[in-house]
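This report concerns only the one structure given below.
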Amino acid sequence: MARRLPRRGPMRFRQIEVFHAVYTTGSISAAARVLHVSQPSVSKVLHHTEQQLGLELFRLVRGRLVATDEAHALFVEASEVFKRLTSLQRTAGNLRDQADGRIRLAVVPSLGLHIAPLAIAHFRQRHPDTMFVVQTLHHDDLFEALHERTCDIAIAYDPPPHPRLKRRELDTAELMLMFRQASLPDVGERIPLARLHGQDMIGLTVGGPVGDLFNHELRRHDVQVREVVSNQTFYVAAALTRYGAGMAVVDEFTARAGTDADASVLHRPFSPPIRYTIQCVHLDDRPPSKAANQFITLFSQVLRESRD
């Protein structure tokens, strides 16, 4: 057991930060580099933390710093506190840095390939003073980005429900099958879902809610496929199909972009159609600015034109 030290009080954020750095890097010197401070400074804070908590957190064993059982237990709690405190710092920084005429946008990766860049270019032609901060995020990360103010609006496919989010439907779209022509000869304008039974498939877990939608349709129609590769991004699934690893179910924007350059790779919608919505979301207590609302309207227009 680790030796007990006199206990004096709770940890402060700086102590959590130093403890987290030492625990994750495994040494005082590495923690100092991460924190951009001197080694004596890290040692002093760590020693004070042990005295304050009444716990020995690290031991020097054969020249290496080894975490004690108490440190392992403390890290579970401290890491969550550290995550929320750093989130608070980012939020404060983003609020401080906000300026008029700036739109912070998050989109799912497949919309970042073509649609979002095109919409931004069109918008800046009309509003050249507007600045954009753009990031691509998967569905699971959208709320955190909105909460931390790293984005003002997010555009995604059937984003998961959340009590603090407001939604605005921009358009509807369809899931597509991407395949090499030789693997499905003599296809029509639409592919019956039953045609996938027993086929090698890529990316069935991709796309968050959209991936869930497709898996639900497979179960509903009692269609069984072999998932040979799983991934989290539609355009990776499309690339795997182009290289012959198997067929992929992707959103229609990725399908069009992924088949334009290769005549041997085709895409087709399903029969019956598998549809999803494209939605813009924002925090309920932080409605979009006038510029952001104008951009959302233009984005919806670009969506419709690209599908036509």
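Okay, here's what the table says:
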{"read-out": "Contacts under 8 angstrom Cβ, first residue in the range 106-128 being assigned by TED's automatic domain parsing to the domain that holds L298, partner of a type in the set (S, T, Y) and in a helix (DSSP H, G or I), 6 or more apart", "value": "P109/Y235; S110/Y235; S110/T254; L113/Y235; L113/T254; H114/S306; I115/S306; L118/S306"}
{"read-out": "Any chance R219 is free of Cβ contacts under 8 Å to residues at least 12 places away in the same chain and over 19 Å from R256 (Cα atoms)", "value": "yes"}
{"read-out": "Strands (runs of 3 or more DSSP E) wholly inside the range 198-304 that include at least 2 residues being surrounded by fewer than 18 Cβ atoms within 10 Å (Cβ to Cβ) and either in the same structural domain as L111 (by TED's automatic domain parsing) or within 25 Å of the chain's Cα centre (by Cα) (or both)", "value": "226-229, 275-283"}
{"read-out": "Conditions (1) over 35 Å from the mean Cα position of the chain (by Cα); (2) free of Cβ contacts under 8 Å to residues at least 40 places away in the same chain: number failed by Q51", "value": "(2)"}
{"read-out": "Flag if L35 is assigned by TED's automatic domain parsing to the domain that holds L85, touching a residue at least 12 places away in the same chain (Cβ under 8 Å) and more than 32 Å from the chain's Cα centre (by Cα)", "value": "no"}
{"read-out": "Residue tally, condition closer than 29 Å to Q232 by Cβ and either out of contact with any helix residue (DSSP H, G or I) (no Cβ under 7 Å at 6 or more places or on another chain) or not in a helix (DSSP H, G or I) (or both), over the range 118-141", "value": "11"}
{"read-out": "Selection within the range 92-117 - surrounded by 16 or more Cβ atoms within 10 Å (Cβ to Cβ), part of a helix (DSSP H, G or I) and either touching a helix residue (DSSP H, G or I) at 6+ places or on another chain (Cβ under 7 Å) or modelled with pLDDT of 90 or more (or both)", "value": "P109, S110, L111, G112, I115, A116"}
{"read-out": "All positions within the range 221-280 that are of a type in the set (K, R), within 19 Å of R190 (Cα to Cα) and modelled with pLDDT under 90", "value": "R256"}
{"read-out": "Pairs where the first residue, in the range 136-156, is among the charged types (D, E, K, R) and the second is part of a helix (DSSP H, G or I), C-beta under 7 Å, 6+ apart", "value": "E148/S87; E148/R90; E148/T91; E148/N94; R149/T91; R149/N94; R149/L95; D152/A292"}
{"read-out": "Residue ranges of helices (runs of 4 or more DSSP H) in the range 1-91 with at least 1 members of a type in the set (S, T, N, Q) and at pLDDT below 90", "value": "13-25, 39-53"}
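Residue-by-condition table, conditions (1) assigned by TED's automatic domain parsing to the domain that holds S289; (2) out of contact with any strand residue (DSSP E or B) (no Cβ under 7 Å at 6 or more places or on another chain); (3) among the β-branched types (V, I, T):
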residue	(1), (2), (3)
I153	yes, no, yes
P163	yes, yes, no
L177	no, no, no
S183	no, no, no
G188	no, yes, no
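The values are calculated or read from the model by the stated rules, or taken from the named source; none is laboratory data. This one's a predicted model, so the numbers in the text were calculated from it and none came from an experiment. FYI the Cβ positions are ideal-geometry reconstructions off the backbone, even for glycines, and counts take in every protein chain you see.
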